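**Student:** Sharing a structure below in structure tokens format, with a few things to ask.
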């Protein structure tokens with residue numbers, strides 16, 4: 001994928017953020033909803049590599065922090081780190097496969113939430129780790145991974161990602 | 001060049017949460033309110049669309065039942081018309097008796113209505129953004145209620161928007177008691193949209209189905225506002241206390257409008 005138009009990129013992230021805070025609560029299941037910002041970060045990391053993934057993760061994570069009650073910088077750090085890791089390993093993956101997209105999103109979501117939990121626990125009192133894993137981290141990761149498939153499809157269309165056959 | 005940019009970004013990534021922890025609490029709050037105000041009009045528009053979607057889905061669900069109910073209702077209208085005439089007579093007599101006894105109608109609290117325009121972007125917290133702020137006399141720690149019961153309190157305010165923490169948020173704490181037996185405890189947010197009432201005395205009179213109301217302790221929430229019903233009871237802290245799972249009465253997944261309760265004096269409502 002070539003470097004995208006930055007205006008369209010910023011508009012996409014802002015649109016996903018607005019959808020995240022307005023529409024997605026309608027499809028919450030037991031207080032858990034998918035994470036569109038994470039899905040976008042994973043998509044751009046896979047397509048454009050680690051440094052772009054780091055930049056996107058940092059910026060979109062900071063936006064997410066500003067629209068949340070928690071520590072400012074918590075998701076900026078977590079998403080930035082995950083963007084870097086996913087982008088680095090993305091070269092080895094068949095990123096057009098929906099299965100790969102789902103698994104990578106699941107693992108990325110779990111990593112982001114564990115990272116965020118560990119960081120915020122230094123500053124605020126968080127619920128117990130096992131209960132957080134059972135009621136938030138695991139269901140959020142599964143829900144986000146399932147939701148990633150149509151979102152990846154839409155982002156591929158918007159940014160005209162072509163499949164490369166060797 | 002790219003690599004050095006990347007290293008710089010990594011350093012920013014690491015420093016940002018550390019600086020945020022070290023900075024005064026007002027720094028993060030001002031940044032968040034600034035971001036919320038910038039996207040305020042978009043969020044309000046999104047909130048309106050969400051309201052319409054909610055109402056459309058309710059309408060579709062109800063349509064099937066409405067046809068059959070229509071006939072039954074026509075029959076009832078005729079009966080009720082006669083009843084209305086009779087009740088009007090009773091109402092006039094009631095009004096006259098009230099004047100005779102100098103009976104004064106009591107309105108419990110003064111409230112400010114607000115619309116929910118956005119929710120928390122993460123799964124870790126349960127907060128909402130409402131479309132009223134300091135310009136509308138909304139202040140920090142103002143309780144939020146709906147006709148069904150207690151919803152939460154205002155935590156951050158700006159001139160036109162406010163962020164509020166719901167009672168199902170893990171950081172929320174509400175002084176509460178069992179309405180029937182007056183046993184006291186503390187209701188805190190838990191997972192799956194539920195609350196937990198803790199620090200209940202071991203020999204307390206509490207059972208499933210009991211209504212939990214606010215106790216008024218702490219001075220933030222008025223006394224007597226319904227919170228929820230007891231779903232199950234267990235022990236806590238190695239058997240020292242009882243704890244109860246409480247299902248809130250307010251429907252947080254369909255929250256569209258809330259009422260902010262105004263204090264009339266420094267210490268009461």
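**Student:** Would it be correct to say that residue A:72 is in a helix (DSSP H, G or I) and touching a helix residue (DSSP H, G or I) at 6+ places or on another chain (Cβ under 8 Å)?
**Tutor:** no
**Student:** Which members of the range A:42-54 meet the condition of being at the interface with chain B (Cβ under 7 Å from one of its Cβ atoms) and surrounded by 22 or more Cβ atoms within 10 Å (Cβ to Cβ)?
**Tutor:** Within the range A:42-54, A:54 is the sole residue that qualifies.
**Student:** Looking for something within 14 Å of another protein chain (Cβ to nearest Cβ), touching a helix residue (DSSP H, G or I) at 6+ places or on another chain (Cβ under 6 Å) and farther than 30 Å from residue B:22 by Cα - is there at least one such residue anywhere in the range A:58-68?
**Tutor:** Within the range A:58-68 (the criterion being within 14 Å of another protein chain (Cβ to nearest Cβ), touching a helix residue (DSSP H, G or I) at 6+ places or on another chain (Cβ under 6 Å) and farther than 30 Å from residue B:22 by Cα), the answer is no, since none of the residues qualifies.
**Student:** Within the range B:35-65, track down each residue that is under 15 Å from residue A:21 (Cβ atoms), free of Cβ contacts under 8 Å to residues at least 24 places away in the same chain and more than 10 Å from chain A (Cβ to nearest Cβ).
**Tutor:** Passing the criteria: only B:41.
Residue by residue, here is whether (1) away from every other protein chain (no Cβ under 14 Å); (2) touching a residue at least 60 places away in the same chain (Cβ under 8 Å) holds:
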| position | (1), (2) |
| --- | --- |
| A:70 | no, no |
| A:84 | no, no |
| A:99 | yes, no |
| A:123 | no, no |
| A:146 | yes, yes |
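**Student:** I've got another one for you. State all residues of the range B:82-132 that are part of a strand (DSSP E or B) and either at pLDDT 90 or above or within 14 Å of chain A (Cβ to nearest Cβ) (or both); if no residue qualifies, say none.
**Tutor:** If the condition is that a residue be part of a strand (DSSP E or B) and either at pLDDT 90 or above or within 14 Å of chain A (Cβ to nearest Cβ) (or both), then B:114, B:115, B:116, B:117, B:118, B:119, B:127, B:128, B:129, B:130 are the ones that fit.
**Student:** Within the bounds of the range B:192-215, is there any residue that is within 18 Å of residue B:127 (Cα to Cα), touching a helix residue (DSSP H, G or I) at 6+ places or on another chain (Cβ under 7 Å) and surrounded by fewer than 20 Cβ atoms within 10 Å (Cβ to Cβ)?
**Tutor:** yes
**Student:** Condition test on residue B:170, is it within 21 Å of residue A:28 (Cβ to Cβ) and either assigned to a loop (DSSP other than H, G, I, E, B) or touching a helix residue (DSSP H, G or I) at 6+ places or on another chain (Cβ under 9 Å) (or both)?
**Tutor:** Considered against the rule, which asks whether it is within 21 Å of residue A:28 (Cβ to Cβ) and either assigned to a loop (DSSP other than H, G, I, E, B) or touching a helix residue (DSSP H, G or I) at 6+ places or on another chain (Cβ under 9 Å) (or both), residue B:170 comes out as yes.
**Student:** Kindly indicate whether any position in the range B:232-255 is in contact (Cβ under 8 Å) with a residue 24 or more places away in the chain and on the phi > 0 side of the Ramachandran plot.
**Tutor:** Yes, some residue in the range B:232-255 is in contact (Cβ under 8 Å) with a residue 24 or more places away in the chain and on the phi > 0 side of the Ramachandran plot.
The values are calculated or read from the model by the stated rules, or taken from the named source; none is laboratory data. Given the structure is predicted, the values throughout are model-derived calculations rather than measurements. Cβ sites come from the backbone with ideal geometry, for glycine too, and all protein chains shown count toward neighbours.
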